[in-house]
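Working notes for the structure below.
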């Protein structure tokens, strides 16, 4: 078993560990945040962690009524003109906690007297040292370049903080189902492995999701690009309808992340349109009607509430990227030109 396959398989255990070991820590942070009462969040991240930030933008905005803005780190490192902050929590999300540009956002926020939080898998990192509080992902060492278990634990850390801030016992209880839901999604691997050869020569993929699962579309696109070198463009369904759908014709490959949500009707209409256009549809969902339109239906065996669904929905996309890279004979643990820790300014 290569490192990537091992780390994908470790996700249920890592998520369970974060729930058990991280909850007291998250509760303590939430108590301090409620006391200090920030009204806004400025979030700094790159790559996969940035996609976790997009999830936070939806979740903290909807559940906790906190407007979330994604930082532009070059304003700090190159332009030297950071925005003025008021009543703002600065959050850095980074698996390694090493990138100087992410650290710079929290350094400036502290200089301005704002509270700071690091979400990282390395509590001894520069990012963690800069922050007032740290949420340790407890994911265990991740060696493969493609982030998998650190991404899903980042999502869960965001969800845990949301539930703790809301003091919502029902949200806390719903999170207990996450490790089993991810284990259920891993059971799709045999189907994906057998079908991956079908997509060996695909030249471009459009990746679609919306709402909480817009983050899934963004993250799935990264996985396909870094592991299989396939140009992949992520869209929300709303943006997709504003022009890009015109590029879809017979045989166009479209991957759709559509677990049960308030957006069911929206996604159903888009998938029906894509079906009529002759697109090659790969659908990740727990809904039989939507899956019936797919050329490759990937049924999530366990349904989660919409706000938690991205944690399980990304897993079939991770497996698809892995198995397609395998079918193409690519270096799975060390994609060309990439490094595990990328330090940008």
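The values are calculated or read from the model by the stated rules, or taken from the named source; none is laboratory data. Computed from a predicted structure; not experimentally measured. Quick reminder, even Gly has a Cβ in these numbers, built from the backbone with ideal geometry, and neighbours come from all protein chains shown.
Before moving on, here are some points about what is shown:
- Residue check, residue 97 assigned to a loop (DSSP other than H, G, I, E, B), surrounded by fewer than 21 Cβ atoms within 10 Å (Cβ to Cβ) and in the same structural domain as residue 143 (by TED's automatic domain parsing): no
- Sole exception among (1) crowded, with 20+ Cβ neighbours inside 10 Å; (2) touching a residue at least 60 places away in the same chain (Cβ under 8 Å) for residue 92, by number: (2)
- For the condition in contact with a helix residue (DSSP H, G or I) (Cβ under 6 Å, 6 or more places away or on another chain) and either more than 22 Å from residue 224 (Cβ to Cβ) or in a loop (DSSP other than H, G, I, E, B) (or both), residue 66 qualifies.
- Residue among 297, 244 that is within 22 Å of residue 212 (Cβ to Cβ) and touching a helix residue (DSSP H, G or I) at 6+ places or on another chain (Cβ under 7 Å): 297
- Candidates 147, 139, 157, 183 - the one that is modelled with pLDDT of 95 or more, under 27 Å from residue 224 (Cα atoms) and either out of contact with any helix residue (DSSP H, G or I) (no Cβ under 9 Å at 6 or more places or on another chain) or assigned to a loop (DSSP other than H, G, I, E, B) (or both): 139
- Hey, residue 213 in contact with a helix residue (DSSP H, G or I) (Cβ under 7 Å, 6 or more places away or on another chain) and farther than 30 Å from residue 264 by Cα or not: no
- Helices (runs of 4 or more DSSP H) enclosed by the range 226-297 - at least 3 residues per element that are more than 21 Å from residue 312 (Cα to Cα), in contact with a strand residue (DSSP E or B) (Cβ under 7 Å, 6 or more places away or on another chain) and not assigned by TED's automatic domain parsing to the domain that holds residue 316: none
- Among the residues of the range 105-136, the ones that are more than 22 Å from residue 15 (Cα to Cα) and either assigned to a loop (DSSP other than H, G, I, E, B) or touching a residue at least 60 places away in the same chain (Cβ under 8 Å) (or both) come to 9 in all.
- Residue among 50, 87 that is over 30 Å from residue 226 (Cβ atoms), at pLDDT 95 or above and either surrounded by 19 or more Cβ atoms within 10 Å (Cβ to Cβ) or touching a strand residue (DSSP E or B) at 6+ places or on another chain (Cβ under 8 Å) (or both): 87
- When 45, 30 are checked against the criterion of being crowded, with 20+ Cβ neighbours inside 10 Å and more than 19 Å from the chain's Cα centre (by Cα), a single residue qualifies: 30.
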